[in-house]
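Take a look at the structure set out below.
Every number in this text was worked out from the coordinates using simple rules, so none of it is lab data. Remember, predicted model here, so these are calculated numbers, not experimental data. Reconstructed Cβ throughout: ideal geometry from the backbone, glycine too, with neighbour counts over all protein chains shown.
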Amino acid sequence: MVFGTLSYPANPNRKPQRGKFGHAACHGRAQIRKLDRIGSSGDAVLPVPGRAFLLPTRLLFMNSEPEAPANHDDNRRTFLKQSSLLTALALVPGPVVSAAAAKLDERVAEAFEQVPVSLKVNGKKYKLNVEPRTTLLDLLRENLHLTGTKKGCDYGQCGACTVHVEGQRVNSCLSFAVMHDGKEITTIEGLSKGDDLHPMQEAFVKHDGFQCGYCTPGQIMSAVACVREGHAGSEAEIREYMSGNICRCGAYTNIVAAIQEVKNGGQKV
Amino acid sequence: MNQFQYARPSKPQAAIRAVAKDANAQFIAGGTNLVDLMKRGVMTPQKLVDINRLPLNKIERQNNGLRLGALALNSAVADDKLVRERQPLLVQALNAGASAQLRNMATVGGNMLQRTRCPYFYDTTMPCNKRAPGTGCGALEGINRMHAIFGFSDKCIAVHPSDMSVALVALDATVLVSGPQGDRRIPFADFHRLPGDTPQKDTNLERGELITAVDIPDAPFTRHVSYYKVRERASYAFALVSAAAALELDGNTIKAARLALGGVAHKPWRLTAAEQVLVGKPATEATFRQAAEVAMQGAKAFKYNEYKLKLAPNTLVQALKTATAA
Amino acid sequence: MKPLQKQIGTGMNRVDGRLKVTGAATYAAEYELPGLVYAVLVGSTIAKGRLASLDTKAAERAPGVLAVVSHLNAPKAPGAKPAGKDPSQPQTVGNPLAVFTDDKIRFNDQPIAVVVADTLERARFAAGLVKAQYAQEAHQTNLEANRPQAFLPTQAKKNPKSPVADYQRGQVDAYKTGALKLEAEYVIPTEVHHPMELQAITAHWEAPDRLTLYDKTQGTMATRRDFAKQWGLPEENVKVVATFVGGAFGNALHSWPHESAAIIAAKVVNRPVKLMLTREQMFTMVGYRPHTWQKIGMSATADGKITAITHEATGQTSTYEEFTESTLGQTRMMYQAPNLTTRYRLVALDIGSPIWMRGPGEATGAFALESAMDEMAHLLNLDPLEFRLRNYTDQDPERNRPWSTKFLKECYQAGADRIGWSKRQLKPGMLRDGDWLVGYGMGVGTFGAHRGASKANAQLLPNGTVLLQSAVTDIGPGTGTAMTQIAADTLGLDPAKIRFEWGNSSFASAPTQGGSAIVNSVGPAVQEACLALKAKLRELAAAGNGAFAAARPEDVAFADGHLTLNGNPAARATYADLVKQAGGTAVAVDSKPGPDGQKYSMYSFSVHFAEVRVHPLTGEVRVSKLVSCADAGTIINEKTAGNQMKGGAVGGIGMALMEHAMIDDRFGRYVTKDLADYHVPVHADAPAVEVFFVNQPDPHVNALGTKGIGEIATIGVAPAIANAVFNATGKRVRELPITPDKLI
């Protein structure tokens, strides 16, 4: 099963290009494979000017075998050396390859510069191929469509993107997804158990710990961690340890009240 | 952001080799500053060597001191029982920095290596000798409210933003480094450098050298300490000025002192001369004022940071008062 | 049966609370559409001049890039005109800046191209490959240096009765001849709204002449109007969805260039395009509270009666729009002053246009006025609260009309009690708490109780529930919740049986969320729609039941989903049954303000009391306590209204102590580029804010008695803090923000 832009047509408005690869390059987004389907023979559509052809996925991702642990040492690049790619391309009709010409290989190499990543997000396992430059935040929002985690600044200066990695609160905007290979991630979508809200979510509703709601998932993820860390001992301590989560609506008084209620309520957080 | 290669070696030597041989390669640890700089095009490594899984995150007793693994998280250090008992000044400094989330990502080594927060460094359309040598210093004649009053050059007036490093320089720490040429130890005070003619170099690390640990010797400064940070809001902001003060008191007499300032120079600014002023004197505001006067010798301000000439000594005095009362 | 609880006045939980705490609330950049691609803007790196050349080749060739659009190749939107073409017709606020229509650069970071690619990473990378060369012209970005060029706004030149025209009563500048007088200048820097949600839009041409926008906007109708006009489309062909808006505080009050750019990009690639600004771009292209210089002259008698005030203000605008705001309004009506002069001027700079920011104008003006009141009280050796009471106005001195309602004295009393005003010392610098100096200050705020025309649609569904729809947005105040409460009480229904849908231009037309006017405007529309539904129910009941047919309308009662008849316990009909028989029933109402606006002056009022601690060595200021009191008419929801007041107070803390956008005039470029450089308050800056509402209805604004909260929550907070700092230290800071350097 393949999500993402793989099956989208190349831009119909665009004229066929001078022997270049299609602009809607085939592996733009991370390819999301459910673990149980890895190794099946899903085909990737590789759009090229004027025509599309199919290339077996496994040729492109030879080292993303499901059982093999991801190996991120230098050999990844070796695998993606242009020679390999051109070998792969040798399977496609000759004119396409020759049209690719000298400048093509570099660009193709770039397009294929993806690395395999395994993540467990909210209890669900994902085996993905991502560009190393994809941040955990963008992966969650744009690829996994877990948009509860918010982008408020993209520089670690607001806390809207707070998630838990291995139970610790972090800013998901400031790390690359690939750095979390093999890790367990919890987002706001994974906090409640079915229809039952987490006590912190309940407390935020009761105390009106938000207005516009945009910083709220980050506040709640941070608040849960704050209590678990033992940093919710007093109003002053909560304020200090929640200062990494900005609420421009200014619902701070109510957020602190919500956290205190959970902390003092004795429920398991 | 440019595309880059990613490698995650499992051994320090492999990581060192990977960076040593490639001028466009860069270590990445917590990423809290590097990712930010890459997003803005300020740093454009072609290859990132992820060192997060190297076994360098221990916090332990070592040779009459504490050894902090370079990859120990800022939060882990701040919450560590040993550190809390023996180096409360470091704990205060760590907790004064960034936010709880960032401290869960940032490492000891990464904290030391964070780049300046000078806005001219961050904006690739503006002149900055640190980012693009030879383009000039935008801050020199610009908005230099956050800038240095000590140790600057006409090439660069930026300041180092770390809080942790201010405590470590005061505590006589030593940086342990492994490199292609082997291991070496760098006194913390010599780790960061002044800008001089090469502000692009923040530290005295050589290419491929990896910080493996920081050693802090045991010292009698476990109680009368204060890291006092003045910023424009109550938390989660870089310092206008910060001061680290650690005192050994015998009654009301100062037996030994360690002092440093943050937010005033291209490196954490140790104040050895001012420390000497304190030794043997009573811990009074008058004594602290004398030390602060000595500390400020040689300070010079620019158009927008003149306030630091007053704020820095005042903050130092306040840190000393707080340390004494602790 | 237990009667249904009245909802109005309670602290009902938000109707969308669950969505917000679970991450299920969907904001503008979070709609999953097939074929969605990403757009990233390229901004100019000069403040003024022309684009000499634009090299997009490398960007076009970059992996995943679908298009690079600029003035060189952008499709022409039929209604888009370059801004400021005709200097005799300066545009007033409300016109989006058209993008990519010419090669002119009007401000730094002005969008000069948009790059569209299949992933965000690739679009960002390719945007960095676009290279521009400029023919640069000298720019002006400094307000102070350009004050000699200040001018009277065009609307004031055309209309001497304009609120921004020069105003006087009594003698001009009479304070100059007063025996006891003060004269002082006050400055606020540029402040930026910075809602947590970055401005974002997802633009989708569903057909060549049908456009759907998922947009961060405060007004779905206004945005629809703007882009229908820009593209020459019938309004019904444009749909604007803004169900959730991640804060705005004014910066989504009108359309902006990035929205035009996303729409153009979507047109070019013929796929849905998502565009989210960066935090840097939030400084440059979606407005800000303008840097403003003010001067107040005031004279008073020895027994504390103000004899004259002159209040001048010069604000910043752009070269292509004349942005004005009501900086001087509060001065004209707040205190008795027989002689009063106001003058408002603008300076046009090579910076993007400002836009109203929470407490617009009034918050700026109140900083000067309320600081000056404190200064005069100090001069008179009078308690500042007593000084305000001696100059209290029982009718509007500007229009010589009665107030619709005014309970400001009640607010003064409540606030003084709660803050512990009696602890305040007349002489500054007298109170200490350990190392810290302690001080108390107050500041008053006011804002017009505006009401606009609004429609509402309501349907009774066969299951006995009610569906209400309005195009209005809810940017955080809890509009959806308040409307549900109003409908529940009007219809006699459990709020769980009411569904109020908002944030979609396809729904009934409503004003743009802003100016504290939404409950005032949409509230009565909802109320009237529900009354109309009740009339329908009565008709249905009368048609089907003898007892109801014979009844007088006033004898029919509505409660808990039933109609009953006074004096006839047997007569009973459920809403559900009646509607089922009728096969559904729907009403549409058009609610307009009544005539009382011509007879009365209608305002909300607030007073804020601050207790601050100031460190004498380091100049740090901590607001240790804030009490905000409001005369805002009927409070529909004490929980969400209280939250609004607390949030406005936090905004005021930011304004007072830290917010300050700075430009390096050599480059005409901001050096504060993100939330690490531009500080907004964090948890640690915010004390527990205490809120008091008079909660007395104003019968003249609307039948609900509401007056509006959002603006008065902020207006007056900054001077309360500045005055408290003076009381603590004896230092009067007249230029915001009050950072440590100004106090040591």
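Extending 7 Å from the Cα toward the beta-carbon at both C:ARG666 and A:ASN122 defines two label points whose distance is 5.0 nm.
Taking 0.36 nm per residue of sequence separation and removing the Cα-Cα distance, the C:ASN568/C:ASP102 pair yields an extension gain of 160.3 nm.
So what is the calculated 222 nm ellipticity per residue for chain B, using -39500 (n - 2.57) for each DSSP H run with n of 4 or more, over all residues, to the nearest 500 deg cm²/dmol?
-7500 deg cm²/dmol
Across chain B, Cα pairs under 8 Å and at least six residues apart give a relative contact order of 17 percent. Fewest-first ordering of A:LYS150, C:LYS409 by other beta carbons within 10 Å of each residue's beta carbon gives C:LYS409, A:LYS150. Comparing B:ALA237, B:ALA257, B:ALA78 in a Gaussian network model of chain B (Cα springs below 10 Å), the most mobile by mean-square fluctuation is B:ALA237. Each part gets one Cα centre, and for region B:192-225 versus region B:147-174 those centres are 10 Å apart. DSSP bridge analysis restricted to chain C gives an antiparallel fraction near 75%, rounded to the nearest 5.
Please build a GNM for chain B, connecting alpha carbons under 10 Å apart, and tell me which residue among B:ARG233, B:ARG193, B:ARG258 fluctuates the most. Largest GNM mean-square fluctuation: B:ARG233.
What's the local net charge at C:GLU528, with K and R +1, D and E -1, over the other residues with C-beta under 12 Å away?
For residues surrounding C:GLU528, the net value is +2.
Between C:ASP209 and C:LYS161, the contour length at 0.36 nm per residue exceeds the alpha carbon distance by 13.1 nm.
Pairs to check: C:LYS176/C:LYS295; B:LYS39/C:LYS76; B:LYS21/B:LYS201; A:LYS151/C:LYS20; C:LYS48/C:LYS157. Give those whose C-alpha atoms are more than 21 Å from each other in this structure. Violating the 21 Å limit, Cα to Cα: B:LYS39/C:LYS76; C:LYS48/C:LYS157.
Once the Cα-Cα distance is subtracted from the 0.36 nm per residue extended length, the B:LYS58 to B:LEU82 segment shows a gain of 7.5 nm.
Within straight-line reach of C:LYS406, meaning a Cα separation under 19 Å, sit the following aspartates and glutamates at least 8 residues removed in sequence or on another chain: C:GLU362, C:GLU370, C:GLU386, C:ASP394, C:ASP396, C:GLU398, C:ASP596, C:ASP631, C:ASP698, C:GLU711. Look at the stretch B:44-53: the mean tally of other chain Cβ atoms within 10 Å of its residues' Cβ atoms is 3. In terms of surrounding Cβ atoms within a 10 Å radius of their Cβ, B:ARG231, C:ARG18, B:ARG103, B:ARG84 rank from fewest to most as B:ARG84, C:ARG18, B:ARG231, B:ARG103.
Modelled this way, with points 7 Å down the Cα-to-C-beta line, the labels at A:LYS183 and C:GLU410 are 5.5 nm from one another. With R₀ fixed at 51 Å, the C-beta to C-beta distance from B:ASP190 to C:LYS742 puts the FRET efficiency at about 0.85. Please build a GNM for chain B, connecting alpha carbons under 10 Å apart, and tell me which residue among B:ASN64, B:ASN95, B:ASN33 fluctuates the most. With Cα springs under 10 Å in chain B, the top fluctuation among B:ASN64, B:ASN95, B:ASN33 is at B:ASN64. Each Cα pair under 8 Å and six or more residues apart adds its sequence gap; the mean of these over the residue count of region A:117-190 is a relative contact order of 42 percent.
Here the calculated FRET efficiency for A:SER234 and C:ALA543, from their Cβ-Cβ distance with R0 = 56 Å, stands at 0.30, rounded to the nearest 0.05.
Pairs from the list B:LYS11/B:LYS47; C:LYS57/C:LYS673; A:LYS193/A:LYS263; B:LYS130/B:LYS321; C:LYS455/C:LYS497 with a Cα-Cα gap above 26 Å: C:LYS57/C:LYS673; B:LYS130/B:LYS321. At an R0 of 30 angstrom, the distance between the Cβ atoms of C:ASN381 and B:GLU293 translates into a FRET efficiency of 0.15.
Every helix of 4 or more DSSP H residues in chain C counts as -39500 (n - 2.57), and over all residues that averages to -7500 deg cm²/dmol at 222 nm. Modelled label-to-label distance, B:ARG17 and B:THR125, 7 Å Cα→beta-carbon offset: nm? Here the answer is 4.5 nm between the modelled labels.
DSSP assigns beta bridges within chain B; of those with both partners inside it, close to 85 percent run antiparallel.
Calculate the mean, over all residues of peptide B:3-13, of how many other protein chain Cβ atoms lie within 10 angstrom of the residue's Cβ. Counting other chains' Cβ atoms within 10 Å and averaging over B:3-13 gives 6. Judged by a Cβ-Cβ distance under 4.7 Å, the unpaired cysteines of chain C are C:CYS530. Checking the cross-link filter: which aspartates and glutamates have an alpha carbon closer than 19 Å to that of B:LYS281, excluding same-chain neighbours under 8 positions apart? Straight-line reach from B:LYS281, under 19 Å: B:GLU248, B:ASP250, B:GLU293.
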